[in-house]
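Taken together, the values in this text are just the output of simple stated rules run on the coordinates, not laboratory data. As the structure is a prediction and not an experimental result, all values here were calculated from the model. Neighbour counts are summed over all protein chains in view; Cβ atoms, including those assigned to glycine, are modelled from backbone coordinates with ideal geometry.
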Amino acid sequence: MNTLEEKKIGALLEEQKWEEAKRLLSTYLDSDLSLEEKGAAYVAFVSTYLKMVNQINEQYELILENMLTDLKGDRQEILALDEKMQLADLDTAIDKLS
Amino acid sequence: MERISENTPPPKPGELEMKAHVAVDAAGELHMGYEPVGPQGYGPSKESVKAQEKELEKALNDQKFNEDLRSRYPDIESQESILQYHRAYEQIDDVGAQLMSFAQERIFDAALEQEPDDFVEGMRSGLRELAFSHPEIIFDLDLDLQEHHLRTAKLREMEDEFSAIRKQLLPRLETGAAILSQQESALKSAGRFPSALQPALNFLGGMFNTLRNKGGRNFQSMLEKGRERLGRHREERRTHLRAQREKIEEYQSHAESIGPLLQMQKKKLGEGARHILEGFPPLKEAADHAREEARKRILSLMKSPELKDLERAQEYLDGLKDNETLQFFEGLELDSTVRPTVPLRSKEAIQSELDLLLQAQLTTDLDEAINHMGSSNKDGFHQLRELINRVLIKDRLGSKQGDKLRTFIFNVLKLKMHDFDQNNQEDRVKSSRVNALMGALKGGSSV
């Protein structure tokens, strides 16, 4: 491979075929390259990494969102339970006084 | 969350003018894509055409851009294409800077003060090349960078909210469990009477028996019903408390386990992405460069005969991350074999060497300060005190801290005491001053 196939790499990234994208870039970098050519490969590499991080962050956001929803649900129920218990505690205290 | 217009190709010369668009809606969802400029379906507006003309004029007046453009496309005529290339060209600096800072933050080691030169230069040239060959890649990169910034900020906010709720819930649950215990023990002790009341109870028991005999069956049945009702009430209460206890325990276990669970999920996600970095040439180059830079820097600081430089070497060493982990995204540490191994030797080996250098240098400095001190040189004593106090305030000399550091200085001064000739007036003055300093060191105060 003599030229960096940005389009092809871009398509592989879109499909999340990281390994293939990496292989293409590595093969390209193994050849004798000018600074510009090498630079384009660097850009492709950092972009690959950036896309991957975005992808991971997106998945992580979903997980975090679900856990946050769970936790918020718990909070609502705990606050209601807490209120009931405080009232029951007050009843017990009043019973003791009377 | 999804990218709207995911399949919308980037604008091509001659098409309806589009612009990259990233936004967060009211529900906090991130939307990205291209949107048309001007009223949709009616082509560009008058304003848009005017703006385009202005933009073209700017592009044609940009000498550097024109040189680059003509060297690649000497016969280019299409105004739309010129505009497209110019837009990408204008974004190079901004996208390049952001990409570089992303690479610095996420890929290279924090210890590396600057990226490898050929990497920086290469990326700049690469971006310039792309602006003319595939301008849409530059636009796409810009979108990815914006997405990265927005999403990491959103994740940080969500993580903060997550921790805040957990922090709020855990103590509440503890209080809830304590209240529940009180109620449970109140229920257990209900119906029991303190022993001091026993005589009164015996009397009431006697009265009750008399009444029961006199009242006959009706009274007895009334009492039994009352007892039964009370028993039922207690049983219900007991069941209710048991249910509450189970709920609280369930919430407690959820609130405690959800944090580690989240961490585990993060790690799992990161591990899936690890493969792309392994053995990848640009990263390996950067890693080698980072290692070499760190090695040079620390060795040059360690060669210095100045205590301050050695302390700076310590700070630098402290700043180096352990080599086994790679910061992948906010909060996630990922084990990786591709992580730049900085420095060449293990941190521990360098620390031991640095410890010896620091201790030797402080001993030399103390020795010199004591030698300069004398009955005729009050400044010498002042300098010695200043030196000791400076180290004590820092409370750090390599691996030595606190009492270990004090003991080390104390022992150096004690050794120096052997050098003093008690028949010499000057040495006697020095000895008494050093003795005073040793007393202060032993007493745990500053000198």
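The C-alpha radius of gyration of segment A:26-76, expressed as a fraction of 2.2 N^0.38 Å, stands at 2.01. Could you list log10 I(q)/I(0) for segment B:405-447 at q = 0.17, 0.19, 0.20 Å⁻¹, which the Debye formula gives when each Cα is one point scatterer? Values, matching the q order: -0.44, -0.53, -0.58. Note that segment B:412-425 has calculated 3J(HN,Hα) couplings of 5, 5, 4, 4, 5, 4, 5, 6, 7, 9, 5, 7, 9, 4 Hz, one per residue in order, obtained from phi through the Karplus relation 6.51 cos²θ - 1.76 cosθ + 1.60 (θ = phi - 60°); glycine and proline are x.
A simple spin-label model places the labels of B:S181 and A:L87 2.6 nm from each other, with each point 7 Å out along Cα-to-Cβ.
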